[in-house]
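Colleague: Mind looking over this structure? Questions follow.
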Amino acid sequence: MNVSIGGTLTHFAAPPVLMVASKWEWDTPFMLTSFGWKAVVSCLFSTALVAGVFRKELQGLDVPTLKVSPIPV
């Protein structure tokens, strides 16, 4: 979902936008001010919602730690 709506951030990202961008004179600043900020808010909201719903499952994940050994000189 986030990738799909992220296609509205610029005037050359999503195929439907590509079809009309030049004809309607849509450029990147226009896309960011008209649609892009809404896409960012939607991505943040949906990600936070899913993370909140699955909070317990995410906290229970076993995250491996990376052990770094010193580089011999």
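Colleague: Which is in a loop (DSSP other than H, G, I, E, B), small (Gly, Ala, Ser) and surrounded by 11 or more Cβ atoms within 10 Å (Cβ to Cβ), of ALA13, ALA39?
Modeller: Details: ALA39 fails: in a loop (DSSP other than H, G, I, E, B).
When all the criteria are applied, what remains is ALA13.
Colleague: Now, a different point. Has region 47-55 got any residue that is in a loop (DSSP other than H, G, I, E, B), modelled with pLDDT of 90 or more and either in contact with a Phe, Trp or Tyr (Cβ under 8 Å, 6 or more places away or on another chain) or not acidic (Asp, Glu) (or both)? Spell out the reasoning first.
Modeller: Looking only at region 47-55, we keep the residues that are in a loop (DSSP other than H, G, I, E, B), and these are 54.
Then keep just the ones that are modelled with pLDDT of 90 or more; that gives 54.
Next cut, either in contact with a Phe, Trp or Tyr (Cβ under 8 Å, 6 or more places away or on another chain) or not acidic (Asp, Glu) (or both) only: 54.
So far as region 47-55 goes, yes, one or more of its residues are in a loop (DSSP other than H, G, I, E, B), modelled with pLDDT of 90 or more and either in contact with a Phe, Trp or Tyr (Cβ under 8 Å, 6 or more places away or on another chain) or not acidic (Asp, Glu) (or both).
Colleague: Name the residues in region 16-36 that are assigned to a loop (DSSP other than H, G, I, E, B) and either acidic (Asp, Glu) or surrounded by 13 or more Cβ atoms within 10 Å (Cβ to Cβ) (or both), would you? Can you show your working first?
Modeller: Going residue by residue through region 16-36, those that are assigned to a loop (DSSP other than H, G, I, E, B) are 22-27.
Answer for region 16-36, where residues must be assigned to a loop (DSSP other than H, G, I, E, B) and either acidic (Asp, Glu) or surrounded by 13 or more Cβ atoms within 10 Å (Cβ to Cβ) (or both): GLU25, TRP26, ASP27.
The values are calculated or read from the model by the stated rules, or taken from the named source; none is laboratory data. All of these numbers come straight from a predicted model, not from anything done at the bench. Note: ideal-geometry Cβ built from the backbone for every residue, glycine included; neighbour counts use all protein chains shown.
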